[in-house]
Each structure stands twice: as structure tokens, then as C-alpha cells.
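Visitor: Starting off with a structure, shown below.
Values in this text are rule-based calculations from the coordinates and carry no lab data. Predicted model, so just to flag it, every value in this text is computed and none were measured. Because the Cβ atoms are built from the backbone with ideal geometry, glycine has one as well, and the counts that use them run over all protein chains shown.
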Amino acid sequence: MNPHVFTLLAEATADKPIDPFVINLVIFVLAIALGVEVITKVPSTLHTPLMSGSNAISGITIVGALLASFSGTFWAFGVVLGFLAVVFATFNVVGGYVVTNRMLEMFKGKDSK
Amino acid sequence: MLNMIYTTQPTLTLALTTKDWLGLAYLLAAVLFYLGLKMLSKVTTARRGNLVSALGMLVAIAATFFQISGGETISLIWIVIAILIGGGAGLVLAVRVPMTGMPEMIALLNGCGGIASLLVASGDYLRKSDVQLVGLDWNTLLAIGLATLIGGLTFTGSLIAYAKLAGSKLIPDAPVQFAGQKALIAVLGLGSLALAGVLVAQPGAWYVLLMVAALSLILGVLLVIGIGGADMPVVIALLNSYSGIAAAMAGFVLNNSALIITGALVGASGIILTNIMCKAMNRSLMNVLFGGVGGAVAGGKGAADQGQARSFSIEDAGIILDAARSVIIVPGYGMAVAQAQHAVKELGQQLESRSIDVKYAIHPVAGRMPGHMNVLLAEADIPYEQLQDLEQINPQFEQADVALVIGANDVTNPAARHDTASPIYGMPILDVDKARTVFVIKRSMNPGFAGIQNELYFKENTGMIFGDAKKVVSELSAELSAS
């Protein structure tokens with residue numbers, strides 16, 4: 001057997017908290033499974049709003065952008081990148097939600113006429 | 001060593017409970033996103049779903065602001081300025097873009113998400129390089145590399161897709177391919193992955209990250225430029241997925257569960273759409289990405305050996321439509337180009353007023369993005385119940401008196417069913433040729449996107465009506481109302 005496996009086992013049995021990376025990986029995999037489950041049920045009629053809507057959601061990078069653009073040493077290059085990240089991510093979020101709403105507004109059935 | 005690093009983090013000691021609350025707020029946001037996506041699966045709840053999801057975003061942003069508040073005010077002012085610029089631009093574009101411009105808009109949004117992830121990851125790397133780079137885990141470094149790579153190629157890939165969809169003169173709609181393109185893509189792709197590995201081994205090597213970023217931008221261009229315009233539904237769905245995965249990678253960098261969950265949801269959504277689009281064309285993803293279908297392909301049968309297509313006048317077509325009991329309208333990209341959706345709606349009403357049954361047949365890859373036709377017809381106020389997908393509508397063509405094809409081509413080519421030599425053989429098509437009469441509105445006899453002539457046009461029950469889709473459809477309505 002690979003010695004690494006033993007090392008891992010030894011670490012797990014010791015009084016050591018789980019590496020956040022492992023927890024993150026668990027979350028990631030479960031979220032993908034959940035995503036597949038939900039999205040499969042979306043009818044083809046709604047594929048475009050689904051794309052723009054999920055696109056707006058992927059603008060969640062704004063959270064990272066906000067965290068990155070905030071720093072004590074302000075004029076550091078990293079913070080400038082953060083500033084740009086906030087601009088793009090906000091564009092993504094606002095544009096995505098508004099355009100999705102505009103589209104969904106138009107989808108009407110026979111009853112709503 | 002590790003302990004030292006942790007104790008130098010200023011917030012950790014006093015803010016433990018605050019951090020927990022923040023984690024819960026992010027969880028709430030993620031749940032709201034999930035519910036929002038779930039509600040998007042029904043037309044009746046979709047709009048509320050979008051609002052629920054937007055509420056989730058508000059929660060996440062508010063929590064983040066709470067986290068950074070109390071910091072330097074200068075920094076906060078700049079953040080507000082950034083939000084105003086990005087939000088203002090997004091709002092203006094989103095309100096102004098016409099429904100026909102939706103594919104470009106979505107490509108642009110994808111690109112912005114991608115570049116944001118790249119900037120977040122590399123910005124975070126630069127910030128940490130001041131403080132504590134040596135203590136960074138291998139997985140954080142790897143995530144930084146991957147977020148940069150995926151974010152970068154999503155950005156330039158989306159820009160190319162945007163240019164193609166917007167009909168820019170700079171980038172042709174047809175695939176641009178050159179010798180060794182695939183090999184170059186493979187080398188660049190593997191090379192940038194290897195560089196991400198180098199970054200893990202040498203955390204301080206910032207120039208390696210710079211190289212990853214540069215390669216990713218080139219990769220994005222190369223990947224999309226070789227793909228033809230009609231394959232854009234697949235490309236947009238795939239880029240959508242990439243933007244989600246990039247966000248998830250940024251989440252790994254920042255150790256933020258909201259980003260990870262959300263990125264994964266979006267990534268899954270994009271992959272599923274990509275898969276649906278590929279199946280609808282009976283092609284593998286590899287074939288779409290590297291096949292270069294849609295150029296001036298010389299292959300395929302010419303018009304000559306298939307006999308003569310019959311041209312119909314508006315008057316003759318009007319008489320046949322007037323006598324029909326059921327009509328199935330088949331819209332395609334040509335309807336979008338001619339912006340004929342409102343004219344189509346009028347024609348539909350005109351037919352219905354004569355108690356003719358009207359349905360719309362929507363092929364999954366009709367248009368330039370998933371669901372393109374549905375959005376356009378919805379804009380024209382056509383009830384979504386009348387729109388039927390491939391499986392629903394195909395058995396109904398046999399009973400239909402008229403199939404009216406408006407600007408659709410390859411998705412109606414019967415060769416896909418029987419001609420094993422045809423490049424589109426095996427692709428699920430709309431069986432329009434089974435209707436008693438088929439009318440095809442088309443500008444000329446030019447072959448469709450796949451570069452092949454459509455044998456539908458030479459069938460004896462097919463009549464061609466040449467002209468601009470909008471003009472012809474309006475004239476048909478006028479003809480009907482006059483008779």
C-alpha cells in the first residue's frame with residue numbers, strides 16, 4: 001500500500017480537525033449533484049432565462065471581489081485587481097438579473113391574456 | 001510555523017462568532033440560489049425564482065460588506081465607485097438590449113464572470129504574497145492557478161463568441177482554422193496546467209501565475225475562433241459552465257462556501273445545457289469544439305442533382321394556408337435575423353381567426369443559444385403552450401396540412417434520417433416533410449450552415465417562398481386578411 005494512505009489515516013485518527021480543503025471539496029461535489037438534479041427539470045422553453053439567471057448567480061464572485069478589493073495597504077496592485085473584479089462582477093450580477101427578469105416577464109400563458 | 005501565521009491574522013481571535021454568523025449568512029444565500037433555480041423549472045414560478053435568487057445575492061453581498069466594514073474608508077469608497085460603474089453599465093445594457101441581441105448579451109455576461117474570477121484569484125495571490133505566501137496550502141495555490149486559467153479562457157472565449165454573435169466584421173461567423181490549431185490548443189492547455197503545478201511547488205513565483213493568465217487568454221481565443229456561428233448554442237452553454245467553475249475555484253482560494261456552492265450549481269447547469277445541445281445535433285462535444293463545422297465546406301450534394309425546387313407566390317401560398325385546418329410554424333435563426341417574430345405572431349393570429357390550429361415547432365438548437373426561439377416568440381406575446389419541442393411535435397406533422405418553415409434549414413433536412421453520407425446524419429430533426437404541404441421561407445437557395453443543400457427543398461410537397469422572412473410573413477398575413 002501507498003505510505004501516504006497510512007499517513008492520512010494516522011492524521012485522521014489523531015485529534016486534528018479536518019482540513020478545510022476537504023470540507024470544501026465535499027461541499028463542491030454535493031453542490032454539483034444538487035445542481036444536476038435541479039437543472040435537469042428545467043424545460044427547454046426556459047433554457048435562455050436559465051442561462052442568464054444562473055449566469056447572474058455566478059456573479060457571486062462579487063463576494064470574493066469585495067474581499068479582495070479591501071485591504072489595509074490600499075494602493076497595492078492586488079487591490080487594483082480587486083477593484084476591477086468588483087466592476088466586472090457587479091456588471092455580471094446586475095446585468096444578469098435584470099435581463100433575466102425582462103425575459104421572464106414576457107413568458108405568458110394563454111390564461112394571463 | 002503554522003501557528004505563527006494564524007496568530008498574525010488580525011480578525012481571527014475576536015471574530016470567531018462573527019465568522020460563524022457570516023458562514024450561516026452565506027449558507028442562506030446558497031439555499032436561496034438553489035430555491036431560485038428550482039423555481040426556474042416552471043414558467044409560472046420562474047420570475048419569482050429569479051427574484052428569490054437575487055435576494056440570495058443581496059444577502060451574500062450584505063454579509064460581505066459587514067465583513068469588510070470598519071476597515072479603511074478610502075477602500076470602501078472605491079468599492080462603492082466600482083459597484084456604481086459595474087452596476088450602472090450592467091443595468092443600462094440589460095434594459096436596452098433587444099431580445100434579438102440576447103445571445104451576445106449572455107456571452108458578454110459570461111465573460112465578465114470569468115474575468116472577475118481571474119482577477120479575484122490573482123488579486124488574492126498578490127495580497128497574500130505581501131504577507132504570508134510561504135504558509136499557503138498547495139490546494140489554495142492550485143485553486144489560484146485553476147481559477148486564473150478557467151476565468152481567463154472564459155473571458156476571451158466569451159469575447160470571441162460575442163463578436164461572432166454580434167456579426168462583427170473583425171471576427172467571421174465561420175470557423176477560423178489553421179494547420180496545427182488543435183496541437184497548439186493541446187500544448188497551451190497542458191502547458192498552463194503544468195504551470196499551475198509549478199506555482200504549487202514554488203509559491204513565490206508570481207511570474208508563473210502571470211504566464212498562466214497570459215496562456216489562458218490566448219487559449220480562450222483559440223478555442224472559440226475555430227467554431228462556427230450555428231454551433232454557438234453549445235459554446236455559450238459551455239462558457240456558462242466555465243464561468244461557474246471559475247467562481248467555485250475562486251471559492252476554494254478564499255475558503256468561501258457561498259462561492260463554492262454557487263459556482264458548482266452554475267457549472268452543473270452549464271454542463272447539462274451543453275450536453276442537451278450536443279445531443280440535439282447528434283455530435284460529441286469534441287466534434288463541436290474541434291470539428292470546425294460550418295465553413296465553406298465543399299462537400300455535400302449540389303442543387304443540380306436533386307432536381308428543381310418549386311417557387312411559390314404569396315397568392316398561391318395564401319390560398320393553401322387559407323384552406324388548411326392545422327399549420328405548424330417552424331422558426332429558425334432566419335426569423336431572428338429578420339426580426340420577424342412579431343410578423344409571425346400576426347400571421348398566427350390571422351390563421352387562428354379562421355379557426356386554423358396553429359402550433360410552433362422548436363428545435364433545441366434553432367437559433368444561436370439554448371431557448372433562443374422561445375424568447376423571441378415570447379417577446380411577440382405568443383403563449384408558451386403553443387410552443388412545442390421536438391418530441392412533442394414530431395408525431396403531429398403527419399396530421400398537419402401545412403408546415404411553414406421560417407428561416408430554419410439544417411434542422412429540417414430529411415437527409416439526417418437516411419443519408420449516411422450526410423454530415424448531419426443522425427441528428428434529430430423536425431419531420432416537416434411529413435406534413436401535407438411544406439412552405440419554406442428563405443432568401444435564396446444558398447445552403448445552410450452545415451454547407452449542405454437541404455433535400456427538403458426538392459420534395460414534391462415543398463414550395464419555396466423566396467424573400468426576407470419578415471416581409472414574406474407580413475405579406476402572407478395581408479393576403480389572408482384580404483381573401
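Visitor: Enter the per residue convex hull volume of segment A:45-106, computed from alpha-carbon coordinates, in Å³ rounded to the nearest integer.
Guide: Looking at segment A:45-106, the number lands at 54 Å³ per residue.
Visitor: Another question, if that's okay. Considering Cα pairs under 8 angstrom that are at least six residues apart, work out the relative contact order of segment B:97-290 and quote it in whole percent.
Guide: Computed value for segment B:97-290: 28 percent relative contact order.
Visitor: Same structure again: What is the average number of partner chain Cβ atoms found within 10 Å of a Cβ in B:101-110?
Guide: Per-residue shielding by partner chains comes out at 5.
Visitor: Here's something else I'd like to know. Please give the helix B:102-131 orientation as an angle from the longest Cα principal axis of chain B, in degrees from 0 to 90, rounded to the nearest 10.
Guide: Between the helix axis and the principal axis of chain B, the angle is about 10 degrees.
Visitor: Related question: Could you work out, for segment B:97-290, what percent of all Cα-Cα pairs fall into each 5 Å distance bin, beginning at 0 Å and stopping at the bin that holds the largest distance?
Guide: Cα pair-distance distribution for segment B:97-290, in percent: 1, 9, 16, 19, 19, 15, 10, 6, 3, 1, 0.
Visitor: For the residue pair residue B:210 and residue B:66, what label-to-label distance in nm results when each label sits 7 Å from Cα along the Cα-to-beta-carbon direction?
Guide: Distance between label points: 4.0 nm.
Visitor: Another one. Under the definition of Cα pairs under 8 Å and six or more residues apart, what whole-number percent is the relative contact order of segment A:45-106?
Guide: This gives 46 percent for segment A:45-106.
Visitor: Based on the mean of other beta carbon atoms within 10 Å per residue, what is the order of B:353-362, B:403-412, B:223-232, most packed first?
Guide: Taking the mean over residues of other Cβ atoms within 10 Å, the ranking is B:403-412, B:223-232, B:353-362.
Visitor: Can you figure out the FRET efficiency of residue B:193 with residue B:31, using R₀ = 41 Å and their beta-carbon distance, to the nearest 0.05?
Guide: According to the calculation, E is roughly 0.75.
Visitor: State, as an integer percentage, the relative contact order of chain B based on alpha-carbon contacts under 8 Å between residues 6 or more apart.
Guide: Once divided by the residue count of chain B, the mean separation gives 13 percent.
Visitor: Considering every Cα-Cα pair within the protein assembly as shown, what fraction, in whole percent, is farther apart than 41 Å?
Guide: On the way: 52578 of 177310 pairs.
The calculated P(r) of the protein assembly as shown puts 30 percent of pairs beyond 41 Å.
Visitor: Can you tell me the FRET efficiency between residue B:310 and residue B:282 if r is taken as the Cβ-Cβ distance and R0 is 22 Å, rounded to the nearest 0.05?
Guide: It comes to 0.15.
Visitor: Separate question: Angle check, please: helix B:43-68 long axis (alpha carbons) against the longest principal axis of chain B (alpha carbons), in degrees 0 to 90, nearest 10.
Guide: 20 degrees
Visitor: If you take every residue apart from residue B:406 with its C-beta less than 15 Å away from the C-beta of residue B:406, what net charge results, scoring Lys and Arg +1 and Asp and Glu -1?
Guide: +2
Visitor: Of the listed pairs B:359/B:470; B:38/B:279; A:41/B:345; B:42/B:279; B:279/B:434, which have alpha-carbon separations greater than 26 Å here?
Guide: The pairs that break the limit, which is 26 Å between Cα atoms, are A:41/B:345.
Visitor: Residue farthest toward the positive end of the dipole of chain B, with Cβ of Lys/Arg at +1 and Asp/Glu at -1: which of B:286, B:125, B:84?
Guide: Among B:286, B:125, B:84, the one farthest towards the positive end of the dipole of chain B is B:125.
Visitor: Further question: Measure nothing but the geometry: give the 0 to 90° angle between the long axis through the Cα atoms of B:16-39 and the longest principal axis through the Cα atoms of chain B, rounded to 10°.
Guide: Between helix and principal axis, roughly 0 degrees.
Visitor: Report the longest stretch of chain B that contains none of the GluC sites (Glu not before Pro) sitting in a DSSP loop with at most 15 other Cβ atoms within 10 Å.
Guide: Longest gap between qualifying sites, sites excluded: B:73-459.
Visitor: Within the set of other residues whose C-beta is less than 14 Å from the C-beta of residue B:435, count the net charge using Lys and Arg as +1 and Asp and Glu as -1.
Guide: Neighbourhood net charge equals -1.
Visitor: For residue B:186 and residue B:483 in one chain, what is 0.36 nm times their gap in residues minus the Cα-Cα distance, to one decimal in nm? Show your work: numbers first, answer last.
Guide: Working: separation 297, 0.36 × 297 = 106.92 nm, distance 6.23 nm.
Stretched fully, the residue B:186-residue B:483 segment lengthens by 100.7 nm.
Visitor: Another question about this same structure. Over the alpha carbons of chain B, what is the largest minus smallest coordinate on each principal axis, giving the biggest first in Å?
Guide: Largest to smallest, the principal-axis extents are 86, 49, 35 Å.
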